[in-house]
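Laboratory data are not the source of any read-out in this text; all were calculated from the coordinates shown. The shown structure was predicted, so the numbers you read here are calculated from the model rather than taken from an experiment. Here Cβ is always computed from backbone atoms with ideal geometry, including for glycine, and neighbour counts include all displayed protein chains.
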Amino acid sequence: MTRLTKLDRILSAQGDLQPLVAKTRDLRVLAGHVQAFLSADLARQVRIGNIRDGQLMLIAANSATAAKLKLLGPALSQYLLEQRFQVNSVGVRVQPNSARSGTPLREKTVHLSTHALQSLRALHDRLEPSPARDALARMLRRHGALKSR
């Protein structure tokens, strides 16, 4: 049995919201099964839209993901039927920027050697004032190779 979050308890206390709370729980469980079926990379690019009249609507972050989901649709539908969900078909909609915001993007980390930093500092000193020189200065400051202004 899943633990109810504080928000779930508050919403459950409101009688008018019971159908909404029940639908949300069902979609949450369904999303878990969809995530388990898909590969990890593909699952990060997909959200559950809704389920209505036996059709599960998935929201893809881009057209490439949507194409993969359309190919996997019949197998996913069969898998969900085996899991006792009444899903007859799977539809896909593309919605850019719909990728899971809960999974933060990894920050780029680059480790530059002392020689590389010295060479970049020398390049910075030779460049005329320009946007490229400013960008190089920001990078050097981030790496501690250039004093702050």
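Subtracting the Cα-Cα distance of Ala75 and Arg93 from 0.36 nm times their residue separation leaves 4.7 nm of extension gain.
Over the stretch 106-149, the alpha carbon radius of gyration divided by the compact-protein estimate 2.2 N^0.38 Å works out to 1.14. Cα gyration tensor of the stretch 10-94, axes a ≥ b ≥ c as square roots of the eigenvalues: rounded (a/c below 1.5), prolate (a/b > b/c) or oblate? Prolate shape, in that a/c is at least 1.5 and a/b is the bigger ratio. The length gained on full extension between Asp41 and Arg25, counted as 0.36 nm times the residue separation minus their Cα-Cα distance, comes to 3.3 nm.
Report the FRET efficiency, 1/(1 + (r/R0)^6), for Arg142 and Ser119, where r is their Cβ-Cβ distance and R0 is 22 Å, rounded to 0.05.
The computed FRET efficiency comes out at 0.85.
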